[in-house]
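Engineer: My questions will all concern the structure given below.
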2 protein chains.
Amino acid sequence: MSTLFLRTLRDDPADAEVPSHRLLARGGYIRRAAPGGFTWLPLGFRVFRNVERIVREEMDAMGAQEVHFPALLPREPYEATNRWTEYGPNLFRLKDRRGNDFLLGPTHEEMFTLLVKDLYGSYKDLPLSLYQIQTKYRDEARPRAGLFRGREFTMKDSYSFDVDDAGLDRSYAAHRAAYIKIFDRLGLEYVIVSAMSGAMGGSKSEEFLHPTSIGEDTFVRSAGGYAANVEAVSTVVPDAIPLGGCPRRTSRTPRHPDHRDAGRRRAADVPRCRVHRRVDAEERRRHARAPRRQPGAAGHRLAGRPGGRRQAARGAGRPRRGRAVHRFRREPGAGQGYIGPQVLGADAESKIRYLVDPRVVPGSRWITGANEPGKHVFDLVAGRDFTWDGVIEAAEVLAGDPAPDGSGPLELARGVEMGHIFQLGRKYAEALDLKVLDENGKLVTVTMGSYGIGVSRAVAAIAESTHDELGLVWPREVAPADVHLVATGKDAAVFEAAEALAAELVAAGLTVLYDDRPKVSPGVKFKDAELLGMPTIVTVGRGLAEGVIEVRDRRTGEREEVPVADAGARVLAAVKG
Amino acid sequence: MSTLFLRTLRDDPADAEVPSHRLLARGGYIRRAAPGGFTWLPLGFRVFRNVERIVREEMDAMGAQEVHFPALLPREPYEATNRWTEYGPNLFRLKDRRGNDFLLGPTHEEMFTLLVKDLYGSYKDLPLSLYQIQTKYRDEARPRAGLFRGREFTMKDSYSFDVDDAGLDRSYAAHRAAYIKIFDRLGLEYVIVSAMSGAMGGSKSEEFLHPTSIGEDTFVRSAGGYAANVEAVSTVVPDAIPLGGCPRRTSRTPRHPDHRDAGRRRAADVPRCRVHRRVDAEERRRHARAPRRQPGAAGHRLAGRPGGRRQAARGAGRPRRGRAVHRFRREPGAGQGYIGPQVLGADAESKIRYLVDPRVVPGSRWITGANEPGKHVFDLVAGRDFTWDGVIEAAEVLAGDPAPDGSGPLELARGVEMGHIFQLGRKYAEALDLKVLDENGKLVTVTMGSYGIGVSRAVAAIAESTHDELGLVWPREVAPADVHLVATGKDAAVFEAAEALAAELVAAGLTVLYDDRPKVSPGVKFKDAELLGMPTIVTVGRGLAEGVIEVRDRRTGEREEVPVADAGARVLAAVKG
């Protein structure tokens, strides 16, 4: 440590929002170099390389083959799949000296597809899984949380190529098994969640989420074992209710003259824009206000959802907020009146397509706008008083909602995505014309899977999940060194004994971080040892006079005094577990 | 090989100019992905990682510490050192979504300087050597020769930080020694050449050139051991000659009315722009034509050099072609008249600073322009008929020139730069204010060294220097596998014996590329084995019936038939050397 390029910091860096970032910066593992860009310092790069090694070993073991693409890529392949445009501002784009367009690769689906097309042509060449461990670039609007969401980061991305769906299923299963091994070895708690609702058909998509309160993803799980990304939960549709009951009635609601006011107040009786609420739960029904004018509204659509549930941000099986809705919102007066479902629907004069949440079953009762300023309709019964053009998953999931597989009520939790396995299917192969000859000599389009692991992010997640109030606590397989050996005091005998022990441990194949700093106080050395977080801390100090050395487990805090002669064997035993 | 992602190609790729590129592409080691950008395929990436490992081991062994910077860097540090501008079109520049300027790092002097400034502050922290192995970007005008000159490539770059010049010398020497070990282990022939003339003072700069006819660098060496980049050779200055001899005379030379015409013809009597020739060699003297007008020419300069020697392109100790010269060239009429030294010089009316080649010693006789269209002056004697403002190394070196150290005549050769070690001195530390407290508590500017090795380029150089007419011939330490095991024919016993041998070799710690392809002819398999270039080729085939296996050395071609029972031990012995 007297020569290691390291400065531990007493204070948290001002821009560090999460514990992992704070500790990695304070411990001299990483250093901010650019917005969303970090430099790995010597200790940090060792952790990074350990994670990389584990990922590589398991990918090799499952039979995936490692390649390495450039990060600076030409525009054309991404144009062919439309991702050059679709990626929007998240893509770093640049021009070379001749004015040709390039991008910094966010993922490499196109390049892998073209490479396989370039070299392979027969079903006999498949299945094939290729991977790379590579620097990726995304122009994040808001880089945050240190290594969790940067603009330059390292990912393992792999791609499988199969001639048919059964093959894709096998490749997918092999990746899933490899991911389980990887995250187990990394010592990372994880939940495998569905990332795509059943609505999309056969293709599968699962995320490996590390549960943490600082996560950006919300997922649900039930006691019975169901787990899904919140965007992938399909709503359990209630049974239809016999039409009937009290007739609808229109009431003045002058306190809530407009949408924005309603949006600000969350009182139960506030009508909300384009919102339903179940009467059987709430005894009222709500709906959005009518736009005053709806010129050219044909082709637009509105989604009716229960009040009390916000709109789901996005998600598989749900349409993205398309241009139509945007245009509708920009219509003069839109979103300002009290719209109700009576004027909606492809067959209505407005021509606005009207989709409802699956909970809007026939017979359910609602409050909606009355299509007149300052008025709402109560006890509007679905299927009796209004109809709809289709059903859409448009509302957020709430804690207590039933799991779609009947395994009990859902609880919500937050997590960070560590891995994602995804059956791409034929999208890229079709766009880039990757075909092989099948057994009958017929050209068939290849089906692909795409699989990612955040390597630099994993370092942050491990730090985040294992640290304690004193500092980092590395699991053995990723720690930058097996042993942190502290020599304290000024006694030359101490340093001699420590050096002899270090030499013995290194000869036995261990890596040792040796704190040989001559003029640093024991207190500072111990604090550094706690902060840096090697799994085993060995202290040679005052005890040496009595012939003992202290061996401490960083995680449990257990400490033991060991005779000098036994120290090497004792530490070896601790490290080898 | 039945599952390896590999297709060997029978034909050379159309865009491959050099043998290494041809063979690496044909052998399925690399594949072009973009202009100047290559994808490493599985075999290629293994070679790459072997080279990387050797570089890393030797850098670690010399005490350098590995870090890793982003490649996407903010503009500001490069602005502070003026490299944002100086790099010109070679730098990839881009903007993020907020319009901030970024670049893709070509080298990281600025970032390393700032990092050390960030963490260190005392002479006690030094010396320090940091390195990274990283993807670099340069927007080459003409990417060429495959991996030799790409726009995205991998370099090891390291930087040393010392408090004084003696420390820098030690750091430089340590890097030099490590580089020698690295290139020795890589099995690469190299010449260490001076890359900076003595004129610059104490700072040293040396290049590790791999001699090859396809190299872009020209270097000189003498039988006596002198070696230098052609740009770094200092001219041996002839002794002055007593002034006198025949007087100068002006003659009409109407056949050479203008510069362009003269440039096209290379006849000995053609006057050339800004060119001297020694009369003792050529019996004439030449000089450039006078510009018709020289408005604002003050601050401009011209360099006089002997005819028959072209202008040196660039080089340490020589001014780059600065803005002044460019402006001068753009003056109307410039370069079209017959300029002669009589009108040049800081004291002359033209105010054009006049520098001459060291060979223009007092008493030497020359032909120059007569400052009048269509006329030249002959027998102009330096120091008698004209004077100069200074001396400059501006002319090319020619074979047969004397070595500056007196070690004999120089021969010229071509090479490719594999490594470069360079005493940067205080340029970056001054620009970015990297200072530390010295022993007396005084702030002193740190002095730095910069050291690079082309990692991806080394793969190409090894391929280039070791291949033969059949294919690649990898040195053992970088080969993608130790052994290429070929099973030929259709006999199940052959494949069983081959698999048993493969298992035995793998168990002994070797890597084996096993050609288990069932329906490929022996001829194709042998050709592939030659092309792919593993150091040892083992064939299990027809000989098996007589109980023998063939072991062949790829480099020497020596082959030996070995009893099956001894094959494992025999191969192990061959691999272990």
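Bear in mind these aren't lab numbers, they're just calculated from the coordinates by the rules spelled out. What you see is a predicted model; the values in this text were computed from it and never measured. In this analysis, Cβ positions are derived from the backbone assuming ideal geometry, glycine residues included, and neighbour counts consider all displayed protein chains.
Engineer: If each residue's Cβ is checked for other Cβ atoms within 10 Å, how do A:54, A:192 rank with the fewest at the top?
Structural biologist: A:192, A:54
Engineer: Which of rounded, prolate, oblate describes the stretch B:167-228, given a ≥ b ≥ c as roots of the alpha-carbon gyration tensor eigenvalues and a/c under 1.5 marking rounded, otherwise prolate only if a/b is larger than b/c?
Structural biologist: Oblate, since a/c reaches 1.5 and b/c is not below a/b.
Engineer: Same structure again: Write down the radius of gyration of the stretch B:1-120 and its Dmax, each obtained from C-alpha positions, in Å.
Structural biologist: Every Cα atom of the stretch B:1-120 included, Rg and Dmax give 19.3, 56 Å.
Engineer: Which of the trypsin sites (Lys or Arg not before Pro) found in the stretch B:2-38 are in a DSSP loop and have at most 14 neighbouring Cβ atoms, other than their own, within 10 Å?
Structural biologist: Loop-located and lightly packed - B:10.
Engineer: Bin width 5 Å, origin at 0, all Cα-Cα pairs of the stretch B:107-155: what percent of pairs per bin?
Structural biologist: Per 5 Å bin, starting at 0, the Cα pair percentages come out as 5, 16, 21, 16, 12, 11, 9, 7, 4, 0.
Engineer: Here is a further query. Can you put A:391, A:506 in order, fewest other beta carbons within 10 Å first?
Structural biologist: Least crowded to most crowded, the residues run A:506, A:391.
Engineer: What's the exposure ranking of B:536, B:447, B:218, going from fewest to most Cβ atoms within 10 Å?
Structural biologist: B:218, B:536, B:447
Engineer: Would you tell me the mean number of C-beta atoms belonging to other protein chains that fall within 10 Å of each C-beta in B:130-137, as a whole number? Don't skip to the answer; put the middle values down first.
Structural biologist: Details: counts 3, 0, 3, 0, 1, 6, 0, 5.
Other-chain Cβ atoms within 10 Å of each residue's Cβ, averaged: 2.
Engineer: For peptide B:61-70, how many partner chain Cβ atoms fall within 10 Å of a residue's Cβ, on average? Mind showing how you got there, number by number?
Structural biologist: Details: counts 0, 0, 1, 2, 8, 7, 10, 13, 8, 14.
Per residue, the number of nearby Cβ atoms from other chains is 6 on average.
Engineer: Which GluC sites (Glu not before Pro) in the stretch A:1-103 pass both tests, a DSSP loop state and at most 16 other beta-carbon atoms within 10 Å?
Structural biologist: Here the sparse-neighbourhood loop sites are A:17.
Engineer: Another question about this same structure. Leaving out same-chain residues fewer than 8 places away, which lysines sit with a Cα under 27 Å from that of residue B:576?
Structural biologist: B:181, B:525, B:527
Engineer: Just to check, using Stokes-Einstein with a Kirkwood Rh over alpha carbon pairs, what's the diffusion coefficient of the stretch A:483-576 at 20 °C and 1.002 mPa s in µm²/s?
Structural biologist: 166 µm²/s
Engineer: Can you tell me the relative contact order of the stretch A:483-576? Whole percent, Cα pairs under 8 Å, sequence separation 6 or more. It would help to have the intermediate numbers written out before the result.
Structural biologist: Values: 142 pairs, mean separation 28.8, N = 94.
Worked out over the stretch A:483-576, it gives 31 percent.
Engineer: Tell me, how many Å apart are the Cα centres for the stretch A:437-496 and for the stretch A:11-68?
Structural biologist: Centre-to-centre (Cα) distance: 8 Å.
Engineer: Restrict the search to the stretch A:427-512; then list the GluC sites (Glu not before Pro) that DSSP places in a loop and that have at most 15 other Cβ atoms within 10 Å of their Cβ.
Structural biologist: Here the sparse-neighbourhood loop sites are A:439, A:469, A:477.
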